[in-house]
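Here the structure is laid out as structure tokens; the discussion comes afterwards.
The values are calculated or read from the model by the stated rules, or taken from the named source; none is laboratory data. All values reported here derive from a predicted model rather than from experimental measurement. No Cβ is skipped: glycine too gets one built from the backbone with ideal geometry, and neighbour counts run over all protein chains shown. Accessible surface is based on the protein model in full, side chains and every heavy atom, while ligands, DNA and RNA are left aside. Shrake-Rupley method; radii C 1.70, N 1.55, O 1.52, S 1.80 Å.
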Amino acid sequence: FCTRSLLHESLDSSLIDKIPGRQNDRKTLLGELNWIFTAVTDTIAWNVLPHDLFRRLFRQDLLVASLFRNFLLAERIMRSANCSPISYPMLPPTHQHHMWDAWDMAAEICLSQLPSLVEDPNAEFQPSSFFTEQLIAFEVWLDHGSEHKKPPEQLPIVLQVLLSQCHRFRALVLLGRFLDMGPWAVDLALSVGIFPYVLKLLQTTTPELRQILVFIWTKILALDKSCQVDLVKDGGHVYFIRFLNSAEAYPEQRAMAAFVLAVIVDGHRRGQEACIEAGLIQVCLKQLHGFTQNEAQTEPLLLQWLCLCLGKLWEDFTEAQTIGLQADVPAICAPLHSEPQPEVYLLSYFIFFPYKWIVFGFLNIDICKIIEAVLFQVRASAVYALATLLDVGFDSFRDGIGGDEECDDVEKNRAEMIIIKSLLNVVSDGSPLVRAEVAVGMWWLCSFIFHMSGLVIA
């Protein structure tokens, strides 16, 4: 490099072996060079290789990633000497990629300080402007890019910048802007290896990073629910429970935390157990109780996801249902039934779905009024809620859990008649989605009646 560099006349090549610092210390000259080299080679590989091959070679194993970074460097060096390095299967050529020019410039800026640093070991090293310039380039892309244009080539560099405290906040904000462009952007970020970076950042206690981290995780989990396993394994759920319980966060931000937690516990028993141990039920009920005691308007989105989070937390989980009963959930959540926001009004019933002995006691004619809502999505959701009550009753009878001894027969039969009449009232609804939900609800009812008839005959 020195023989081709602009510094070839002023830089003594014998100093190259005396570059001070450590490779894992980014505040030293050697560490800065190694960090930039990693960012450059990752960027070249991500932009040239198919994304599945990039993940295999550069993200699954540290030793393999180091091997292939060195292969990219070897290709550039050997090609300049009219030699051809070989891999099998053959990889696309990378020696003429323009990111090598960015590497040359950054290396020259760093090496220009080498004589003074060797001469005076106490001299302070000044980092290059490489990462600042790449963040500016990424920001320019955000201002003009879209799904239909070429992806931002700086994305791997943005992830490397997350390792630096001085650039971290700006990089997270830019990353959040990118993820907000749509699922395609989240998919690109996951393909470049965003997950371990943002997972590690959940260990930080820096206050200014909390809101943007919650936003980023909201975008990730909205696309890829499978991340819930690693989140719980690393204790990441605790981070979001603390944020949800934070009085400083805005309701919209806490709603995102409630969404993340709802995804963490959705169909994931270990996630349900971990969140219960961390006190998620108490945190959610505390905020719902605050809503019932406060006459001020509460953010509907927060109420919706608090309800869904609780419902998913104790779905098919008897121990959690018992904790909810002991915490007097019905008394706290019943006022939500009169919430003027139809979404909140509907979702409050979702909380009681696992409790057939509670649902039938709280069910009244008001829930059926949602079926008359203007929006067909709301009508369909209301039909789904009512049909699920029949589903719960049938499942409980079939499994031998609970039964009529836990619920007054007269009250239960009255509730079932309300549900059936309500479903029949909308059997000719103009929306196919609503009619489909009615058909599913009636199927559960017929299955229950058929099962009962079989028992009587036996």
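Any of Lys150/Lys312; Lys149/Lys225; Lys225/Lys421; Lys27/Lys149; Lys150/Lys219; Lys149/Lys312 with alpha carbons more than 32 Å apart? Name them for me.
Numbers: Lys150/Lys312 39 Å; Lys149/Lys225 27 Å; Lys225/Lys421 37 Å; Lys27/Lys149 36 Å; Lys150/Lys219 21 Å; Lys149/Lys312 39 Å.
Among Lys150/Lys312; Lys149/Lys225; Lys225/Lys421; Lys27/Lys149; Lys150/Lys219; Lys149/Lys312, the Cα-Cα distance tops 32 Å for Lys150/Lys312; Lys225/Lys421; Lys27/Lys149; Lys149/Lys312.
Lys and Arg at +1, Asp and Glu at -1: add these up for the other residues within a Cβ distance under 14 Å of Trp100 and post the number.
On the way: positive: Arg4, Arg69, Arg76, Arg79; negative: Asp42, Glu75, Asp101, Asp104, Glu108, Glu153.
Every neighbour counted, the sum reads -2.
Please give the peptides 251-259, 238-246 ranked by average Cβ packing (other Cβ atoms within 10 Å per residue), highest first, as a rough proxy for protection.
Values: 251-259: 22.1, 238-246: 20.3.
Most protected by this proxy first, the peptides run 251-259, 238-246.
What does the accessible area of Thr132 come to, in Å² to the nearest 10, when a probe of 1.4 Å is used?
Counting only protein heavy atoms, Thr132 exposes about 50 Å² to solvent.
Round to the nearest 10 and report in Å² the accessible area of Glu277, as given by a 1.4 Å probe over the protein chains' heavy atoms.
Ignoring ligands and nucleic acids, Glu277 comes out at about 140 Å².
In Å², and per residue, what accessible area does segment 13-127 have when probed at 1.4 Å with the other protein chains present?
59
Separation of segment 26-55 and segment 114-187 by C-alpha centroid, Å?
Between the Cα centre of segment 26-55 and that of segment 114-187, the gap is 12 Å.
What number do you get for segment 13-127 when its Cα radius of gyration is normalised by 2.2 N^0.38 Å, N = residues? Write down the numbers at each step before the final one.
Values: Rg = 15.7 Å, N = 115, 2.2 N^0.38 = 13.4 Å.
Relative to the rule-of-thumb radius for its length, segment 13-127 sits at 1.18.
When Lys and Arg each count +1 and Asp and Glu each count -1, what net charge do the other residues less than 12 Å away from Ile136, Cβ to Cβ, add up to? Display every interim value, and only then the final one.
Numbers: positive: Arg170; negative: Glu133, Glu139, Asp143.
Its environment carries a net charge of -2.
Quick one: Cα centre-to-centre distance for segment 67-81 and segment 205-274, in angstrom?
42
Test of understanding: what is the full-extension gain from Glu9 to Val427, defined as 0.36 nm times their sequence separation minus their Cα-Cα distance? Intermediate values should be presented prior to the final figure.
Working: separation 418, 0.36 × 418 = 150.48 nm, distance 8.66 nm.
Computed gain between Glu9 and Val427 is 141.8 nm.
Ignoring ligands, DNA and RNA, what percent of the accessible area of segment 13-127 is carbon or sulfur (1.4 Å)? Walk me through the numbers before you get to the answer.
Numbers: 3680 of 6750 Å².
Answer for segment 13-127: carbon and sulfur cover 54 percent of the accessible area.
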